[in-house]
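Remarks on the structure that follows.
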Amino acid sequence: MGGYDVVAMGELLIDFTQNGLSGQGNPLFEANPGGAPCNVLAMLQRLGRKTAFIGKVGRDGFGFQLERALTETGIATEGLLFDEEVHTTLAIVQTKEDGDRDFSFYRKPGADVMLRPEEVPEHLIRQTRLFHFGSLSLTDEPVREATKKAVRLAEDAGIGISFDPNLRKPLWRTEEEAREQIRYGLRHCQIVKISDEELVWLTEEEDLEQAIRMLREEFPIPLVLLSLGKEGSRAYCGSQSAEAPAFLRSDTIETTGAGDTFMGCMLHQILEKGYEGLGQEELAEMLRFANAAAALVTTRKGALRVMPEEAEIQALLS
């Protein structure tokens, strides 16, 4: 097969995460490299896979920091473009009392939305085994059209497509538009990872099993992965389904990147086993591996540069 295991497209940005208080009691923020697609690729790289990223950053200090972070993790940067006018996108991530996260974005526009269809490196998509994307590259033009072009290229080349709705409500003009674009993603993928909250939001059905049925009736996606936070995860493949509990840690500090770590581990195993005809035991084993990796990442600050090694994941599993 071609040159890459997984090529991902989308947002590469700086996550400003709070890291203590200053002497004057002001919050101190740390500039962490972030963006879901690259977190997924960083996990894959850690597991020995070959990956490349397609996206845009600003020609500024943060853009160069992000380029260095990709190079450091081994993700190929030939699809990384620099915008001459628009700054790198920033996300401010504040942790709420219950440990959940609150996002605010500096992105009106940010460089990641400025990727134009004609800038999509077609050869990268044709050279990969799987193509991965999320909904943040569907919020605005021109990146929305660029993403749809990339999806068409992958479909024409017969490449498996994986999608993560990764809903960030503040980035959408209306929730209706968010639903419409996320439904586009669901129509064009063979693998989806969706969180319990996203599933309930999309189907407007509180009962998760019923919501999954509704999702799978409307979108015949071969492999559906449902992440349940502290409750673990489930997978649905054909007539088979499985679930695996989370590895709860007393040393968890933040959940940034846990879902992306999970996704990277699932894609790693899908490259080996495929995404169709998976049995219950096989699915459960895949989920356990991915859950273990996600638990490890919650004990670290940030995500992209602190992905767990395979040996650490295996140690936690045993």
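The values are calculated or read from the model by the stated rules, or taken from the named source; none is laboratory data. Since the structure is predicted, the reported quantities are computational estimates derived from the model, not experimental observations. Here the Cβ positions follow ideal geometry from the backbone for every residue, glycine too, while neighbour counts run over all protein chains shown.
Return the residues of the stretch 82-109 that are surrounded by 20 or more Cβ atoms within 10 Å (Cβ to Cβ) and within 23 Å of residue 131 (Cα to Cα); say none if nothing qualifies. 89, the sole residue that qualifies. The requirement of being farther than 26 Å from residue 70 by Cβ, in contact (Cβ under 8 Å) with a residue 12 or more places away in the chain, among the aliphatic types (A, V, I, L, M) and surrounded by 20 or more Cβ atoms within 10 Å (Cβ to Cβ) is not satisfied by residue 313. Could you go through the stretch 242-257 and let me know if any residue there is buried (at least 16 other Cβ atoms within 10 Å of the Cβ) and part of a helix (DSSP H, G or I). No, every residue in the stretch 242-257 fails to be buried (at least 16 other Cβ atoms within 10 Å of the Cβ) and part of a helix (DSSP H, G or I). Residues of the stretch 53-112 that are more than 25 Å from residue 255 (Cα to Cα) and of a type in the set (Ser, Thr, Tyr): 77 alone.
Taking residue 232 as the residue in question, decide whether it is in contact with an Asp or Glu (Cβ under 9 Å, 6 or more places away or on another chain), touching a residue at least 12 places away in the same chain (Cβ under 8 Å), farther than 18 Å from residue 163 by Cα and not β-branched (Val, Ile, Thr). Write out each step before concluding.
Working: in contact with an Asp or Glu (Cβ under 9 Å, 6 or more places away or on another chain): yes; touching a residue at least 12 places away in the same chain (Cβ under 8 Å): yes; farther than 18 Å from residue 163 by Cα: yes; not β-branched (Val, Ile, Thr): yes.
Here the answer is yes, as residue 232 does meet what is asked.
Per the conditions (1) within 18 Å of residue 133 (Cα to Cα); (2) free of Cβ contacts under 8 Å to residues at least 60 places away in the same chain; (3) buried (at least 19 other Cβ atoms within 10 Å of the Cβ), the sole criterion not satisfied by residue 54 is (2).
Pick out the one residue from 279, 274, 264, 257 that is touching a helix residue (DSSP H, G or I) at 6+ places or on another chain (Cβ under 7 Å) and modelled with pLDDT of 95 or more. Full working, then the answer.
Values: 279 fails: touching a helix residue (DSSP H, G or I) at 6+ places or on another chain (Cβ under 7 Å); 274 fails: touching a helix residue (DSSP H, G or I) at 6+ places or on another chain (Cβ under 7 Å); 257 fails: modelled with pLDDT of 95 or more.
Being touching a helix residue (DSSP H, G or I) at 6+ places or on another chain (Cβ under 7 Å) and modelled with pLDDT of 95 or more holds for just one of 279, 274, 264, 257, which is 264.
Within the stretch 29-47, the presence of a residue that is over 24 Å from residue 185 (Cα atoms), out of contact with any strand residue (DSSP E or B) (no Cβ under 9 Å at 6 or more places or on another chain) and polar (S, T, N, Q) is excluded.
Can you confirm whether the stretch 145-158 contains a residue that is under 30 Å from residue 18 (Cβ atoms) and among the aliphatic types (A, V, I, L, M)? Within the stretch 145-158, none of the residues are under 30 Å from residue 18 (Cβ atoms) and among the aliphatic types (A, V, I, L, M).
Every condition in (1) closer than 23 Å to residue 253 by Cβ; (2) surrounded by fewer than 19 Cβ atoms within 10 Å (Cβ to Cβ) is met by residue 17 except one, and the failing one is (2).
Going through (1) at pLDDT 95 or above; (2) in contact with a Leu (Cβ under 6 Å, 6 or more places away or on another chain) one by one, residue 49 falls short only on (2).
Applying the criterion of being modelled with pLDDT under 90 and of a type in the set (Val, Ile, Thr) to the residues of the stretch 291-317, the residue that is farthest from the chain's Cα centre (by Cα) is 299. Scanning the stretch 182-229 for residues that are without any contact (Cβ under 8 Å) to a residue 12 or more places away in the chain, over 15 Å from residue 167 (Cβ atoms) and among the hydrophobic types (A, V, I, L, M, F, W, C) turns up just one, 214.
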